[in-house]
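*Asks:* Have a look at this one before I ask anything.
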Amino acid sequence: MGVGRMDDREVAMLVARVQEGDAPSFQPIVREFTPPLYNLARKMLSGSEDAADAVQEAFYRAYRDIAKFDGRTRFFSWLYGICVNVCYDAGKRRKRHLEREAPLDEGEAAQPEGEENALERLESRQVQEALRACLRKIPAPQRAALLLRYQEDLSVDEVAQALDIGLSAAKMRISRGLSALQAVCRDSGMGGSP
Amino acid sequence: MKERVDFTSDPSLLEEALREMARDAPPAGLEARILEGIAAIPAPRRSIWSRFAMAFQTPAATWAYRLAALILLGAILVNLRDLVALRTPPDVPEGPESLASLVPPTAATCPSDGCGFLVTFQFRADEAASVSVAGTFNDWDPARAPMVRGENGEWRLQLILPPGKYEYQYVIDGRRFVPDPEALERQSDGYGGENAVLRLKRCSSV
């Protein structure tokens, strides 16, 4: 997992406490998982406010349904799965109103530019922005699989658990996602020599 | 990603680019907003049933629980079988029924005194030096029911037996047990063989 200060045992202990009705034990869980969930949602959805809302909704659902978490999968896989589903729903809602929406909020991931290597940073940022744009053009299930696998550094097995699909289906989805992303990048002119 | 890369020629570059994409940090105050919202939701709590079900899913305990559950299930099934056996109606139902149709050719006639049936055991064994009947009515002791040889190797014996269900076999030359080949009913003797079954039903008038 890309981000994480707590190990699995600590998380499992906190989850067990929340399941027993100890609500304050959910606070460290929120602090631990808000950054990775936001990163995922931000790349799944086009707007930062949408992403924040999705993370909030994901935590609400997780808290409400935490009694159903049976410990057979790792907690973060389960949580990512909820977040992905919330993002699917939000993406569908947004798609219905796409024409009336404001231009995509692309500026949030901006990084401070130093005086040195400014041009390099600018180029790097341009590539990243282009990649983000391409990523948003592939189907949401494939996008989710790629983000979980490469951004959140989940194993293929954990991706399968998070997306509630079989191992083969997860492999297939990642592979097809890469192919789709490659095609979109090619169409966007990202391929080719410098 | 310091320079433009050709994502279309090498998929591994694309994977690397995805890994290296800058992570988006959550806006300030998001955690507080989430926690505030959660405080308004009633604390979740597992139901007793849910806890019970979860206990079976704990990886460490899974096999132990499954084994215990299987043993418990087996015990319940055995007890159920015993219960059913206890509740099964007795083997000798009441009512006037034809005995002749139940046990040919070993024939039984309904006694006039109502105390017992005159049962005739018949068995053909040309080469036998002796034939007896052993069954539940004589504690499986062939010596207590020797048959008498008749014509054409037909062995015969008449006994008076009270109503009931009996299991029996013919014993040839004192050592070879053979269930009545013409019995209407047989059942396992519990040792891989079979016993002939004779049912003598109570008759109200003869």
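The values are calculated or read from the model by the stated rules, or taken from the named source; none is laboratory data. Just so we're clear, the structure is a prediction, and the values are computed from it rather than from any experiment. Neighbour counts are summed over all protein chains in view; Cβ atoms, including those assigned to glycine, are modelled from backbone coordinates with ideal geometry.
*Asks:* Could you grab me the full set of residues in segment B:126-165 that are crowded, with 17+ Cβ neighbours inside 10 Å and either part of a strand (DSSP E or B) or in contact with a Phe, Trp or Tyr (Cβ under 6 Å, 6 or more places away or on another chain) (or both)?
*Replies:* B:131, B:132, B:133, B:134, B:135, B:137, B:147, B:155, B:157, B:159, B:161, B:164, listed by residue number.
*Asks:* Return the residue satisfying two criteria in turn: it lies in segment A:40-69 and is farther than 21 Å from residue B:36 by Cα and part of a helix (DSSP H, G or I), and of such residues it is farthest from the chain's Cα centre (by Cα). Spell out the reasoning first.
*Replies:* First, the residues of segment A:40-69 that are farther than 21 Å from residue B:36 by Cα: A:40, A:42-47, A:68-69.
So of that shortlist, the ones also part of a helix (DSSP H, G or I) come out as A:40, A:42-44, A:68.
Numbers: A:40: 2, A:42: 7, A:43: 6, A:44: 6, A:68: 22 Å.
The extreme case among them is A:68.
*Asks:* Regarding residue B:126, is this residue of a type in the set (D, E, K, R), at pLDDT below 55 and closer than 20 Å to residue B:180 by Cβ?
*Replies:* On the way: of a type in the set (D, E, K, R): yes; at pLDDT below 55: no; closer than 20 Å to residue B:180 by Cβ: yes.
No; evaluated as a whole, the condition is false for this residue.
*Asks:* Then there's this: Tally the residues that are crowded, with 22+ Cβ neighbours inside 10 Å, in contact (Cβ under 8 Å) with a residue 40 or more places away in the chain, within 9 Å of chain B (Cβ to nearest Cβ) and of a type outside the set (Gly, Ala, Ser), restricting the search to segment A:41-62.
*Replies:* 2
*Asks:* Looking at segment A:113-138, which of the residues that are among the charged types (D, E, K, R) and modelled with pLDDT of 75 or more is farthest from residue A:187 (Cα to Cα)? Don't jump to the end; show me each part of the working.
*Replies:* From segment A:113-138, those among the charged types (D, E, K, R) are A:113, A:115-116, A:120-121, A:123, A:125, A:129, A:132, A:136-137; that's our starting set.
The next check asks that each one be modelled with pLDDT of 75 or more; those that pass are A:125, A:129, A:132, A:136-137.
Working: A:125: 19, A:129: 15, A:132: 14, A:136: 14, A:137: 11 Å.
Filtering first and then ranking leaves A:125.
*Asks:* Give the number of residues within segment A:128-155 that are more than 18 Å from residue B:11 (Cβ to Cβ) and of a type in the set (Lys, Arg).
*Replies:* 2
*Asks:* Of the conditions (1) at the interface with another protein chain (Cβ under 7 Å from one of its Cβ atoms); (2) under 20 Å from residue A:143 (Cβ atoms); (3) not in a helix (DSSP H, G or I), residue A:72 clears all except one; give me its number.
*Replies:* Among (1) at the interface with another protein chain (Cβ under 7 Å from one of its Cβ atoms); (2) under 20 Å from residue A:143 (Cβ atoms); (3) not in a helix (DSSP H, G or I), residue A:72 violates only (2).
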